[in-house]
Each structure stands twice: as structure tokens, then as C-alpha cells.
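First up is the structure itself, then whatever we jot down about it.
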Amino acid sequence: MATVSLQNLRKTYGKTEVLHGLSLDVADGEFVVLVGPSGCGKSTTLRMIAGLEDVSGGEVRIGGQVVNHLEPKDRNIAMVFQNYAIYPHMTVRKNIGFGLRRAKMPAADKARRIEEVAAILSMTDYLDRKPAQLSGGQRQRVAIGRAMVRDPAVFLFDEPLSNLDAQLRSQMRLEIKKLHQRMHTTIVFVTHDQVEAMTMADRIVIMKDGHIQQVGTPAEVFHQPANIFVAQFIGAPSMNLLAGQAVAGSITVAGRSLARDAGQTGPITVGIRPDDLRVTDGPSSFEGRVVLLEPLGAETLAYVDIGGQEVVARADGRNPPALGAVVQLHVAPENLHLFDGDGKAVE
Ligand SMILES: Nc1ncnc2c1ncn2[C@@H]1O[C@H](COP(=O)(O)OP(=O)(O)OP(=O)(O)O)[C@@H](O)[C@H]1O
Ligand SMILES: [Mg+2]
């Protein structure tokens, strides 16, 4: 096990800088997920930790040691990619054992180690099969097994689940999380899927355009997003954003006055999570007309036009409003997220 530390990490391709000074400390045994839209620099960051890309500026440290100039094989890391390259002509046993091909240990020890890893991944019964005889999730486990077999100090995952169907993806998500709970290996996991990030991470790193936007636990980035980008990226459906006006003691939004002191006056952006905005019969914050309904089972998402601005609210799935109906929406003032003109969260 080891810590991973990035200090003012930069990457340029030709004249274009794509990572602009990233600093991040991953604790020993921590599960950190890098998340962000396509092209924000997640894979580049991971590949620099792995040693697959040169560092243009700054430092990568693993276990306290600067590894900028170490070969990937000397970094005590293992990487699992989206397109896991397992060999179709080799059995599961050979594929997992491939990770040990350079290891200097007796053949009997290697065989034992492969068995151990297969047991952890519940693949013991499949050791003599070839990849074509496995499901997608089992193949992914073989790729993980090959990475695990060397007992690396740090696991690096680059979107390892994105080729799997939705059900398998959520199953593998749990398996990787369980694996981490059992082994406590340091993990840096890249995904563009915020649900994956929220469900697996000890801490989430949200990136955009080669910059870190926020680092925090899933609860922190969800409940206290640092800015509008994070607020909208984390959580599905996305947070509603409305233009408001703050005066002392209240905020005017969509023609209504809500009792919340922004600590400042003037234009302000008001964010409301769909979860915090309920279709209600009781006292309401807004009134609007239902323009679309999306039944999810227990709940129904209601898209509601409030004075020309569309918001998403939750309604009881057993008793949803009718399309076109005028409904009342309620939000507790303390659940409003407030952002200033630069999109930064207002305390
Ligand atoms: N070899 C390269 N040469 C030039 N630019 C590159 C190269 N590799 C990546 N980039 C650029 O660097 C930026 C970051 O790319 P990166 O692959 O790290 O993004 P990502 O966050 O992993 O995206 P995705 O979610 O699509 O995988 C992108 O703008 C990309 O175009
Ligand atoms: Mg990528």
C-alpha cells in the first residue's frame, strides 16, 4: 500500500496545456475517484501516475518517493483499462498469471498466488476456461485479477466498467468496492459517470478543463458543491438553477419571496435539487404547470413551468399530477443552494 501525491502537475501536448497544475493527496488505502466530462484530463492524470505519459511540470510521488522518471514497471502500480486486454487464446489461469510473468518467484508460488486471486474474485471455477466462455463481467474480473496478482501498492482504473451493460456495471461497482474494503489497497479510479463516483469513492475529485473544481467526500460534493459546475455535474437529474434577487432576509425567485438571507444583496443564482423540490398540497414556494412527466416507479419526475422557467420536481409515484395540471411546489429555504455571479457557492 502507498500514498499517491500529485504536486502542481502539468501536461502539455505541443503548445497546448491540458493539465494546469493539479495538486492532490491520496491517503494510503484510500479510494479516490476522478470524475469529469470528456476531455477534462482524467486519463492523462492517471497515465502520468502510471508512468505512461511524461510529466511536463510538477511531481508525482508514490509512497513518498518522486517517480517522475521511473518506468511504469518500477512504480509498484497496476492499471486496468476500459478495453481490458485479456488474451483470447489463454485460459483464465494463464491470463491472470500473465501479470506475474516478470516476477521472480518459484512456479509453485505463482500458481498459489493465481489461485488466491481467483478465489477473491470468485473465479476459481473458471480458471481453465477461455475468455470466449465467460460473461462480460467475468472477463472484467480476469483483467482485474491480472492487475491484482502482483499485489501492487496502488491500483489505477480507467473507466473499467464502461463497456459493460447497466446491470453488470452496478454489480461490478459493488465487487470493486468490496474488494477495496477487503484489501485496503490505494485506488485511483477514473470515470465520467457521477453515479459510479458517488457510490464507490471515499473522496471524489471533480475535474473540468484540466483544473480540479472540488475534492470532497460524496456527501460534501453533493450537499456543499463549491460552484455551479460541481452542483450540476453531481446528482441526477441535475440541480435546477433559477435567477434570483437577494435582499436583506429574503430572496425573490420566479416572482416569489423565499425566507433565506444570502448574506449579500443583488442578483444571485438559486440552485434547488429536484429531490428538495416536491409537488405538494400544502404551503408552497412556487406554482406552475406540468409540461412533462417521467415515471420512475416509487417517484415520478415532474417537469414544471414556473413563470417561464422549467424546473424538475419529485412527485409521489402512486399519486402523480396530471400532465398540464397546475401544481404547487415546495422547497425548504435551507435547502436552497446559492451561487454568486462567478458561479461560486455563497456561504
Ligand atoms: N496524445 C495527445 N496529443 C494531444 N492532445 C491530447 C493527447 N492525449 C490527450 N489529449 C488532450 O488532452 C485533453 C485531456 O484528455 P484525456 O484523455 O485526459 O481526457 P479524459 O478526461 O480522459 O476524457 P474521456 O472522458 O473522454 O476519456 C483532451 O483535450 C485531449 O484532446
Ligand atoms: Mg479518458
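Number of residues in the range 1-19 that are assigned to a strand (DSSP E or B) and within 11 Å of ligand 1 (Cβ to nearest atom) equals 7.
Just one of the listed residues (Glu299, Glu294, Glu347) is within 30 Å of Gly266 (Cβ to Cβ) and within 27 Å of the chain's Cα centre (by Cα), and it is Glu347.
Just one residue in the set Ile187, Ile176, Ile206, Ile212 is more than 16 Å from ligand 1 (Cβ to nearest atom), outside any helix (DSSP H, G or I) and not acidic (Asp, Glu); that residue is Ile187.
Give me the pairs: first residue in the range 29-41 and within 14 Å of Gln214 (Cα to Cα) and among the hydrophobic types (A, V, I, L, M, F, W, C), second residue part of a loop (DSSP other than H, G, I, E, B) and at pLDDT below 95, beta-carbon distance under 8 Å, and six or more apart or on different chains, which are they? Final answer for the pair search is Val35/His192; Val35/Asp193.
Count, please, the residues in the range 119-133 that happen to be outside any loop (DSSP other than H, G, I, E, B) and open to solvent by less than 90 Å² (accessible area, probe 1.4 Å). Steps first, please.
Keep residues of the range 119-133 that are outside any loop (DSSP other than H, G, I, E, B), which gives 119-120, 124-126, 131-133.
Remaining after also requiring open to solvent by less than 90 Å² (accessible area, probe 1.4 Å): 119-120, 124, 126, 131.
Number of matching residues: 5.
Contact map, the range 4-18: residues that are modelled with pLDDT of 95 or more and small (Gly, Ala, Ser) paired with residues that are in a strand (DSSP E or B) and away from ligand 2 (no atom under 16 Å from the Cβ), Cβ distance under 7 Å, separation 6+ or inter-chain. Pairs shown: Ser5/Asp25; Ser5/Arg61. Somewhere in the range 157-169, is a residue of a type outside the set (Val, Ile, Thr), modelled with pLDDT under 90, closer than 30 Å to Asn227 by Cα and open to solvent by less than 20 Å² (accessible area, probe 1.4 Å)? Looking for residues that are of a type outside the set (Val, Ile, Thr), modelled with pLDDT under 90, closer than 30 Å to Asn227 by Cα and open to solvent by less than 20 Å² (accessible area, probe 1.4 Å), one finds at least one in the range 157-169, hence yes.
Please indicate, with yes or no, whether at least one residue in the range 30-51 is in a strand (DSSP E or B), away from ligand 2 (no atom under 16 Å from the Cβ) and open to solvent by 40 Å² or more (accessible area, probe 1.4 Å). No, every residue in the range 30-51 fails to be in a strand (DSSP E or B), away from ligand 2 (no atom under 16 Å from the Cβ) and open to solvent by 40 Å² or more (accessible area, probe 1.4 Å). If you scan the range 68-84, which residues turn out to be closer than 28 Å to Arg141 by Cβ and part of a loop (DSSP other than H, G, I, E, B)? Within the range 68-84, Glu71, Arg75, Asn76, Phe81, Gln82, Asn83, Tyr84 qualify. From the list Ala248, Ala226, Ala254, the lone residue that is buried (at least 18 other Cβ atoms within 10 Å of the Cβ) and not assigned by TED's automatic domain parsing to the domain that holds Ala201 is Ala254.
Listed by first and then second residue, the pairs linking a residue in the range 126-138 that is touching a residue at least 24 places away in the same chain (Cβ under 8 Å) to a residue that is open to solvent by 20 Å² or more (accessible area, probe 1.4 Å) and among the charged types (D, E, K, R), with Cβ atoms under 6 Å apart and 6 or more places separating them unless they lie on different chains, are Leu127/Arg93; Pro131/Arg139.
If the condition is being in a loop (DSSP other than H, G, I, E, B), in contact (Cβ under 8 Å) with a residue 40 or more places away in the chain and either out of contact with any Leu (no Cβ under 6 Å at 6 or more places or on another chain) or surrounded by fewer than 16 Cβ atoms within 10 Å (Cβ to Cβ) (or both), then the range 139-156 contributes Arg150, Pro152, Ala153.
Restricting the first member to the range 287-308 and to residues that are hydrophobic (A, V, I, L, M, F, W, C), and the second to residues that are open to solvent by 80 Å² or more (accessible area, probe 1.4 Å), the beta-carbon pairs closer than 6 Å and six or more apart or on different chains are Val290/Leu323; Leu293/Leu323. All conditions but one from (1) surrounded by fewer than 18 Cβ atoms within 10 Å (Cβ to Cβ); (2) over 13 Å from Leu241 (Cα atoms) apply to Pro320; the one that does not is (1). Identify, by number, the condition in (1) open to solvent by less than 80 Å² (accessible area, probe 1.4 Å); (2) away from ligand 2 (no atom under 16 Å from the Cβ) that Glu116 doesn't meet. Every listed condition holds for Glu116 apart from (1).
The values are calculated or read from the model by the stated rules, or taken from the named source; none is laboratory data. Note that the coordinates shown come from a computational prediction; the quantities given were computed from them, not determined experimentally. With ideal geometry, Cβ positions are generated from the backbone for all residues, glycine too; neighbour counts draw on all protein chains shown. Note: areas computed on protein heavy atoms with side chains; ligands, DNA, RNA excluded. Shrake-Rupley method; radii C 1.70, N 1.55, O 1.52, S 1.80 Å.
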